[in-house]
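Participant: Take a look at the following structure, please.
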Amino acid sequence: MKEKLYEIPINDAMDADDECLFCFLERKAEQELLDFVLGSCASYMESDTRQATDRSGFCPIHQKKMFDYGNALGNGWILKTYYKNLIKEMKGEFKEFTPGKTSLKDRFTKKEGNHNSVSAWIREKMKTCYICDRFSETYKRYVATFFYLYKKDPVFRERLENSRGFCLRHFADLCSGADEHLNDRERQAFYPVIFKLMEENMERISGDIDWFVEKFDYLNKDADWRQSKDALQRGMQKIRGGYPADPSYKHR
């Protein structure tokens, strides 16, 4: 059966034999978005891209990754227009702001008084990130494609059963996705498979970490590391996702 274009990323992630195929997809998509925003295509010079980044900004994690990426001029252009837009909005908020009154009872109970519009505006600004938001839409398609392949491709199901499972963060999304994409009969078959998969692989990681610790005992100094040399980073990934041992992704 010929592979469809939208199936390729999921199958590539499965081929990678990663601790979590969705972590693999997330890292690849994030790197592609960094290349789009700051890479050689110079999209940061396009007005429509900077209008979008001016609206959404970037979360602290992606600001750090953008700085580490290494394109100082690109980051400068993005900040240049972002600041101008931010200051314009801020002045408008300050102009319209009226301090709310707090009652004596509220002071004693430390309850907030009237709604603070400036605080609300800032908190809304902190909720958005151009890269996170773009990936969020792509991620929904990845989850949908995963379940599409699970339902129609016996080979994919077999590979899933023999995979390393998922990190807990993405496993939660997979459980929610099953409720959305599978019918009652399909869910009855699906959950035992992934529960078994997660139990086995969490036990595997736990065993690798146990042996990693034991290797620091002088009695084991000449013993084989087995599969535990990278147990720390794999163990961290399995809990929350991501790749703690990855170097910074750089501008090429």
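The values are calculated or read from the model by the stated rules, or taken from the named source; none is laboratory data. On a predicted model such as this, the values are computed, not experimentally measured, just so you know. Every residue, glycine among them, receives a Cβ derived from its backbone with ideal geometry; neighbour counts consider all protein chains shown.
Participant: For the stretch 153-194, which positions are of a type in the set (Phe, Trp, Tyr) and more than 19 Å from residue 14 (Cβ to Cβ)? Spell out the reasoning first.
Facilitator: To start, the set of residues in the stretch 153-194 that are of a type in the set (Phe, Trp, Tyr) comprises 156, 166, 171, 190-191.
Selection gives 191 alone.
Participant: Please go through the stretch 56-73 and pick out each residue that is touching a Leu at 6+ places or on another chain (Cβ under 9 Å) and part of a loop (DSSP other than H, G, I, E, B).
Facilitator: 57, 70, 71 - these are the residues of the stretch 56-73 that are touching a Leu at 6+ places or on another chain (Cβ under 9 Å) and part of a loop (DSSP other than H, G, I, E, B).
Participant: Checking residue 226 against (1) under 24 Å from residue 137 (Cα atoms); (2) part of a loop (DSSP other than H, G, I, E, B), which single condition isn't satisfied?
Facilitator: Checking residue 226 against (1) under 24 Å from residue 137 (Cα atoms); (2) part of a loop (DSSP other than H, G, I, E, B), the one that fails is (1).
Participant: Quick check: anything in the stretch 27-42 among the hydroxyl-bearing types (Ser, Thr, Tyr), farther than 28 Å from residue 123 by Cβ and in contact with a Phe, Trp or Tyr (Cβ under 6 Å, 6 or more places away or on another chain)? Lay out the reasoning, then the answer.
Facilitator: Step one: filter the stretch 27-42 for residues among the hydroxyl-bearing types (Ser, Thr, Tyr), giving 40.
Narrowing further to those that are farther than 28 Å from residue 123 by Cβ: 40.
Subset that is in contact with a Phe, Trp or Tyr (Cβ under 6 Å, 6 or more places away or on another chain): none.
Looking through the stretch 27-42, none of the residues is among the hydroxyl-bearing types (Ser, Thr, Tyr), farther than 28 Å from residue 123 by Cβ and in contact with a Phe, Trp or Tyr (Cβ under 6 Å, 6 or more places away or on another chain).
Participant: How many residues are under 23 Å from the mean Cα position of the chain (by Cα), of a type in the set (A, V, I, L, M) and loosely packed, with under 12 Cβ neighbours inside 10 Å if we restrict to the stretch 191-246?
Facilitator: 1
Participant: If you don't mind, another one. Quick check on residue 57: is it on the phi > 0 side of the Ramachandran plot, at pLDDT 95 or above and not hydrophobic (A, V, I, L, M, F, W, C)? Let's see the steps before the verdict.
Facilitator: Working: on the phi > 0 side of the Ramachandran plot: yes; at pLDDT 95 or above: yes; not hydrophobic (A, V, I, L, M, F, W, C): yes.
Criteria met by residue 57.
Participant: Moving on. Please verify whether the stretch 1-19 includes one or more residues that are crowded, with 19+ Cβ neighbours inside 10 Å and without any contact (Cβ under 8 Å) to a residue 40 or more places away in the chain.
Facilitator: yes
Participant: Also, quick follow-up: Under 8 Å between Cβ atoms, which residue pairs at least 6 apart in sequence (or on different chains) link something in the stretch 209-233 that is more than 28 Å from residue 20 (Cα to Cα) with a partner that is exposed (fewer than 12 other Cβ atoms within 10 Å of the Cβ)?
Facilitator: Partner pairs satisfying both residue conditions: none exist.
Participant: Does the stretch 157-170 hold any residues that are surrounded by 11 or more Cβ atoms within 10 Å (Cβ to Cβ) and either on the phi > 0 side of the Ramachandran plot or not in a helix (DSSP H, G or I) (or both), and which are they?
Facilitator: 163, 164, 165, 166, 167
Participant: Next up: Determine which member of the set 133, 173 is over 14 Å from residue 191 (Cα atoms) and surrounded by 14 or more Cβ atoms within 10 Å (Cβ to Cβ).
Facilitator: Working: 173 fails: over 14 Å from residue 191 (Cα atoms).
None of the other options fit; the residue is 133.
Participant: Continuing with this model, one more query. Here are the criteria: (1) modelled with pLDDT under 95; (2) exposed (fewer than 12 other Cβ atoms within 10 Å of the Cβ). Tell me which single one residue 154 does not satisfy.
Facilitator: (1)
Participant: Identify, from the list 150, 243, 142, the residue that is out of contact with any His (no Cβ under 9 Å at 6 or more places or on another chain), among the hydroxyl-bearing types (Ser, Thr, Tyr), under 21 Å from residue 9 (Cα atoms) and assigned to a helix (DSSP H, G or I).
Facilitator: Details: 150 fails: out of contact with any His (no Cβ under 9 Å at 6 or more places or on another chain); 243 fails: assigned to a helix (DSSP H, G or I).
That would be 142, the only listed residue that is out of contact with any His (no Cβ under 9 Å at 6 or more places or on another chain), among the hydroxyl-bearing types (Ser, Thr, Tyr), under 21 Å from residue 9 (Cα atoms) and assigned to a helix (DSSP H, G or I).
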